[in-house]
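Report on the following structure.
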Amino acid sequence: MSTDFLALCEQRIGSRYVLRGDDMAGYLTDWRRRFTGHARAVLRPGSTEDVAVLVQLCVAHRVPIVPQGGNTGLVLGSVPDQSGTAVVMSLSRMNHIRAVDSVNNTLTAEAGCTLHQVQQAADAQDRLFPLSLASEGSCSIGGNLATNAGGTAVLRYGNTRELTLGLEVVTAQGEVWHGLRSLRKDNTGYDLRDLFIGSEGTLGIITAAVLKLFAQPAARTTALFALESVSDALTLFALARERCDSNLTGFELMSDFCLQLVERHVPSALLPFTQRSPQYVLMELSTAESEAYAIAQLESVAEQAIDQGIARDVVVATSMAQSKALWHLREHISDAQAAEGKNIKHDIALPISAIHSFISDTDAELQRVFPGCRMVTFGHLGDGNLHYNVSAPLGQNDDEFLASQLEINLIVHDRVHRYGGSISAEHGLGALKREEILRYKSGTEMAMMAAIKRALDPLNLMNPGKVL
């Protein structure tokens, strides 16, 4: 049956796009290279119609499907399990910008377009697509939609769900939902768009989307603040929000240890202060006013922060090159941490008001149970999303430290729940957190999710073993 099934797939999309054996290698291992699954084949359709026919074949032969974009996920959501029963459906060939409407401020992109490609297409029309991620050169817009990606500009523009107007989806039965509407108001029933966004490919396969565009800001200004504590960062955030309102685009928290790692492993990175501080905030304003206005507004916040004792020191970028250098520090934290050794990652969301107490409480408990563990804490403070990562104590073997991952996760996630947070802010659940979420969601909530899954994917062929 397997041979007949793959032969039918080859008839539809051509044998060169049905990968087997060693040709599948790059599609089976996760981004962090900690897990490798197995698959019958990797299917690379070139159109929505191809996807629909391939899904119909999978239904007829009861073959599970793992949709995949850029395979940059961190929770094992885009790779198959080790059973070898599934096919990987890679949408990388579906990488066309179908339309840009500069009057309606929309862009229609196929799911295999990289985020950078979408950004460039918007820029070519003097428009902005504001989703920004470190992996934007590799991640696909389909993957961004499947995980409801966040990034550094959520504070002003929202996450991927808020940046999307319409979708085209191939259902679990192989039918096409033509939902590529470019409307900002459409109150005609259940919002199916929001159901598929963030579903991690477990309900259907997103093949294209209508995305919102924005006017390019006339000016962007960046500053790096040196602070004594996370509490001071929260006070600074309140000040910036009061003084800058909607011009406040980015507000990123970074501990000193984060920047020590960047300086150690990224030769071009340089902290622009003569003295170190325990915490730093990278703040960005974007405005329709002049660059002089933006700089003056940011300098006003900086002056007040210094005068009130909120900040120890501030550097305000006065050129694009200086701004890029400051963002360089933030954007290379994950790479620097990986170069330092293996680590245990947590992508969490908290009420902003609870972040200081959470960090103080959880840091202390981790140090009590795992003395010497090194905290790599950074993230999007302005929207409550922290990357709360734990590295091994100096001298301890990485693999030995990783053996404690379940215990560390329990400490962190129990406290996230205690403070009213979520154990996944923007990475999703995938297979990595599928069982753990049962500890924190109510039975009623899980039952409603399972009912939706059964209704839309009764054969459980769409990315089985993920989320639920």
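The values are calculated or read from the model by the stated rules, or taken from the named source; none is laboratory data. For clarity, every value in this text was computed on a predicted model and none was experimentally measured. Here the Cβ positions follow ideal geometry from the backbone for every residue, glycine too, while neighbour counts run over all protein chains shown.
Going by the conditions given, is Phe358 over 23 Å from the mean Cα position of the chain (by Cα), buried (at least 16 other Cβ atoms within 10 Å of the Cβ) and not assigned by TED's automatic domain parsing to the domain that holds Leu253? No: the conditions fail for Phe358.
For (1) surrounded by 20 or more Cβ atoms within 10 Å (Cβ to Cβ); (2) closer than 30 Å to Asp399 by Cβ, each residue gets a yes or a no:
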| residue | (1), (2) |
| --- | --- |
| Tyr27 | yes, yes |
| Trp31 | no, yes |
| Phe35 | no, yes |
| Leu43 | yes, no |
| Val51 | yes, no |
| Val63 | yes, no |
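Working only within the range 18-48, note down all residues that are under 28 Å from the mean Cα position of the chain (by Cα) and either in the same structural domain as Ser135 (by TED's automatic domain parsing) or under 27 Å from Trp177 (Cβ atoms) (or both). Of everything in the range 18-48, those that are under 28 Å from the mean Cα position of the chain (by Cα) and either in the same structural domain as Ser135 (by TED's automatic domain parsing) or under 27 Å from Trp177 (Cβ atoms) (or both) turn out to be Tyr27, Ala39, Ala41, Val42, Leu43, Arg44, Pro45, Gly46, Ser47, Thr48.
Ala7 meets all of the listed conditions (1) of a type in the set (A, V, I, L, M, F, W, C); (2) without any contact (Cβ under 8 Å) to a residue 12 or more places away in the chain; (3) within 30 Å of Asn343 (Cβ to Cβ) but one, namely (3). Of all residues in the range 18-43 being touching a helix residue (DSSP H, G or I) at 6+ places or on another chain (Cβ under 8 Å) and outside any loop (DSSP other than H, G, I, E, B), which is farthest from Ser92 (Cα to Cα)? In this case the residue turns out to be Thr36. Among the residues of the range 361-402, which ones are without any contact (Cβ under 8 Å) to a residue 40 or more places away in the chain and either surrounded by 20 or more Cβ atoms within 10 Å (Cβ to Cβ) or assigned to a loop (DSSP other than H, G, I, E, B) (or both)? Result: Phe370, Pro371, Gly372, Cys373, Pro393, Leu394, Gly395, Gln396, Asn397.
Of all residues in the range 290-315, those satisfying the criterion of being modelled with pLDDT under 95 and in contact with a strand residue (DSSP E or B) (Cβ under 7 Å, 6 or more places away or on another chain) are Ser290, Glu291, Tyr293, Ala294, Ile295, Gln297, Leu298, Glu299. On the given criteria, is Ser246 surrounded by fewer than 18 Cβ atoms within 10 Å (Cβ to Cβ), small (Gly, Ala, Ser) and farther than 25 Å from Ala99 by Cα? It is true that Ser246 is surrounded by fewer than 18 Cβ atoms within 10 Å (Cβ to Cβ), small (Gly, Ala, Ser) and farther than 25 Å from Ala99 by Cα.
For the range 435-459, what are the residues that are within 24 Å of Cys58 (Cα to Cα) and touching a residue at least 24 places away in the same chain (Cβ under 8 Å)? Listed by number, the residues that qualify are Ile452, Lys453, Leu456, Asp457, Pro458, Leu459. Within the range 20-70, the residues that satisfy the criterion of being more than 16 Å from Ala431 (Cβ to Cβ) and among the charged types (D, E, K, R) are Arg20, Asp22, Asp23, Arg40, Arg44, Glu49, Asp50, Arg62.
Residues that are closer than 27 Å to Glu284 by Cα and not aromatic (Phe, Trp, Tyr) number at least 1 in the following helices (runs of 4 or more DSSP H) confined to the range 44-155: 115-124, 141-147.
Would you please name the residue that is farthest from Arg312 (Cα to Cα), looking only at residues in the range 210-256 that are among the basic types (Lys, Arg) and touching a strand residue (DSSP E or B) at 6+ places or on another chain (Cβ under 7 Å)? Going through the qualifying residues, I end up with Lys212.
Per the conditions (1) farther than 25 Å from Val88 by Cβ; (2) among the hydrophobic types (A, V, I, L, M, F, W, C); (3) modelled with pLDDT of 95 or more, the sole criterion not satisfied by Leu203 is (1).
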